[in-house]
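Since every read-out is calculated from the coordinates, none of them should be taken as a lab result. Quick caveat: nothing in here was measured; it's all calculated off a predicted structure. When we count neighbours, we look across all protein chains shown, and the Cβ atoms used for this are built from the backbone with ideal geometry, even at glycine.
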Amino acid sequence: MSRFSTRGIGACAALSLLASCGPGGGFDPDLRRWMPGALNTADAAAQATPRPQPDSRGVISFPAYQVAIARQGDTPATIAARLGLDAAELARHNALPPAAPLDPGASLVLPRRVAGGTPAGGGTGLVNDPFAGQSTARPQVPGRTDATLAQSAGNTQATATATATAQPRQHVVAAGETAWSISRRYGVSVGDLAAWNGLPASMSVRVGQRLMIPVAGQSAPDPARVTTAPGSGSPTPRPPSAAEPLPKEDTTPAATPAPKAPQTDLGATRTAASGSGRFQMPVSGAIIRVYEKGKNDGIDLAAPSGTPVKAAGSGTVAAITRDTANVPIVVVRHSDGLMTVYTGLDRLDVSKGDQLSAGQALGTAGDSGFVHFEVRRGFESVDPEDYLR
């Protein structure tokens with residue numbers, strides 16, 4: 001396998017590794033280790049609050065703008081019809097086609113305000129939006145008292161009130177940006193950015209997409225100091241890579257040019273002529289296919305495109321014709337009943353009837369990579385190597 005092929009496979013493997021690392025993996029797609037100091041968002045990742053719950057029509061209202069949260073089977077056109085907006089205007093405002101299918105929980109920024117709907121939920125604790133990041137209905141767990149539930153509900157209500165009055169910033173995705181680079185820019189975790197905007201598991205964003213930047217709230221509790229009741233699950237600890245850089249890894253960029261191909265001296269590999277030496281080589285390339293009576297009535301000589309092709313000996317241009325692929329065939333008549341035939345040429349410098357001297361240019365080689373050369377006595381082919389010097 002060549003160095004070029006090995007390098008190409010290595011580059012593909014490196015890209016596959018990048019693509020396989022999701023937001024919860026140990027790889028940092030923004031290479032934060034190259035920009036130390038300002039890219040550590042461990043504190044911000046512990047401070048983001050859940051996205052506010054939408055009303056009955058799927059609308060979340062902020063002081064300066066509103067967003068609509070997609071439901072199962074929604075498109076920009078169905079959301080626009082539900083809210084009384086123009087479908088093309090809503091789709092254009094979010095850089096989407098009107099009929100684009102939306103994942104449940106995806107957010108669309110409204111181009112203008114609409115009347116508010118009925119607040120969602122009736123105190124059941126169930127969440128209709130799977131990306132809202134809020135708790136679902138919890139079972140009765142031994143050891144958890146009503147006072148504990150009341151305190152938790154009070155904290156949740158306080159957080160929801162603070163979030164509802166906060167004004168999340170908007171960001172319009174530019175070419176080359178990723179969910180990770182945007183989260184770094186605003187000092188929020190990529191998981192919270194995904195939860196607020198209903199991003200897919202691949203964390204893909206599109207140019208022109210409008211994203212809400214999560215609002216910071218109270219710090220999350222330290223998982224090491226939290227004691228949870230049986231059956232309620234345990235908090236997920238922060239991975240070490242959130243604060244520590246990855247080990248240094250030297251990789252070759254995929255855009256690195258491939259090494260240049262070695263220059264081969266084709267003439268150095270040419271077989272030695274053993275005949276009378278009457279004719280000279282029409283090109284200086286190596287013999288890449290030898291004479292075989294009835295199969296190959298001449299020899300093939302390596303000749304890159306543009307290589308000058310010369311007459312093997314003095315004589316007269318007896319004929320110029322073309323094969324089925326429209327490639328020129330030049331026939332030169334010599335003394336003693338010998339003829340030489342040349343094909344694989346591109347440009348011709350001679351015409352029928354021209355008197356030629358040995359070594360005079362016939363034309364240049366074509367793009368096939370070789371020139372076919374024959375020697376004939378009358379109409380019978382003979383081995384050209386018997387006549388070359």
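What to note about this one:
- Cβ-defined net charge surrounding PHE62, 15 Å radius [Lys, Arg +1; Asp, Glu -1]: +4
- Most to least packed among 352-360, 54-62, 78-86, 296-304 [average Cβ atoms within 10 Å]: 296-304, 54-62, 78-86, 352-360
- Environment charge at ARG206 (Cβ cut-off 14 Å; Lys +1, Arg +1, Asp -1, Glu -1): 0
- Packing, taken as the mean count of other beta carbons within 10 Å per residue, orders the peptides 306-312, 93-99, 372-378 from highest to lowest as 306-312, 372-378, 93-99.
- The stretch 266-386: C-alpha pair distances exceeding 21 Å, %: 30 percent
- Environment charge at LYS295 (Cβ cut-off 14 Å; Lys +1, Arg +1, Asp -1, Glu -1): -3
- Cα-based reach from LYS352 at 21 Å (exclusive), listing lysines while leaving out same-chain residues under 8 positions away: LYS310
- In terms of packing, defined here as the mean over residues of other Cβ atoms within 10 angstrom, the peptides 202-215, 170-183 line up highest first as 202-215, 170-183.
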